[in-house]
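A.B. asks: Handing you this structure, nothing more for now.
Derivation of every value follows stated rules applied to the coordinates shown; laboratory data play no part. Quick caveat, the model's predicted, so the values are computed rather than measured. Neighbour counts are summed over all protein chains in view; Cβ atoms, including those assigned to glycine, are modelled from backbone coordinates with ideal geometry.
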Amino acid sequence: MTQEPQQQLRWRLPKQARSRERFNRILDAAAELFVEVGYESVTTDEIAARADTSVGGLYRFFPDKLAVFHALVDRYLKQLGEVFANLHTDGTTELPLEVYISNAIDAFDEFVTANPAYKTVFVQSRLVSTEVMAMDTAFNQEIARQLSAFFIIRQPTLAKTQADLLAAVTVEAASALEIFSLTREGNFQQQVLAETKKMLILYLKQYFPN
């Protein structure tokens, strides 16, 4: 994922280790509170108290609550970017298509399970800020760029324009269904992810028959 240029960030990035620890504590506290009571009901005072810091300490990094929310989204997207980067190694180019797609969807599901606040934050983000949608779009574009390169390694005869198209369709379709799955619970959520795997396998097998 390509992150927002630093000069456009709504928050100030810490440089010292102690400041980074406080910065991350604030994000952790915000994530907990957004899950517990929702974005609209949380105050910066409550976030600071949960993070065991002063409101002034919070404002050193974040001008307002929305900036905290944006920084939390940014952190999740960076972490997800690392998850997907790990799917594109030398060894994975030889995996059967079904295994690769299953691994990708499972990796997303495992990330959501390991980060319970992710689901709440991204469901709420559609109501909180249009800027988050721009961040999500940039993330999808970067993942599609990586996937296109992966497709060409896997199938060297594939034209770049075709690989770009396949990657964009794959990422946007998977993203839409993954977001849909986040709005549901339990068994239905897992069924959506299972159907996503089937759909992507059928789509991509036309271009990667082997």
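A.B. asks: If you scale each eigenvalue of the Cα gyration tensor by 5 and take the root, what three semi-axes come out for the range 69-205, rounded to whole angstrom and sorted largest first?
C.D. replies: Working: eigenvalues 126, 59, 36 Å².
Result for the range 69-205: semi-axes of 25, 17, 13 Å.
A.B. asks: How big is the Rg/Rh ratio for the range 19-108, C-alpha atoms only, Rh by Kirkwood, two decimals? Let's see the in-between values first.
C.D. replies: Details: Rg = 17.7 Å, Rh = 15.0 Å.
Answer for the range 19-108: 1.18.
A.B. asks: Give, as a single signed number, the net charge of other residues whose beta carbon lies under 14 Å from the beta carbon of GLU36, with Lys and Arg counted +1 and Asp and Glu -1. Don't skip to the end; give the middle numbers.
C.D. replies: Values: positive: ARG50, LYS119; negative: ASP28, GLU32, GLU40, GLU46.
That works out to -2.
A.B. asks: With the crude spin-label approximation of a point 7 Å out along Cα→Cβ, what separation in nm comes out for ALA49 versus ASN24?
C.D. replies: The two pseudo-label positions are separated by 2.6 nm.
A.B. asks: May I ask for the longest run of the chain untouched by trypsin sites (Lys or Arg not before Pro) that are loop-located per DSSP and have at most 12 neighbouring C-beta atoms (other than their own) within 10 Å? Don't skip to the end; give the middle numbers.
C.D. replies: Values: sites that count: LYS15, ARG184.
Maximal segment without exposed cleavage sites: 16-183.
A.B. asks: Test of understanding: ordering PHE23, PHE84 by Cβ neighbours within 10 Å, fewest first, what list do you get? Walk me through the intermediate numbers first.
C.D. replies: Details: PHE23 23, PHE84 20.
Listed from fewest to most nearby Cβ atoms, that is PHE84, PHE23.
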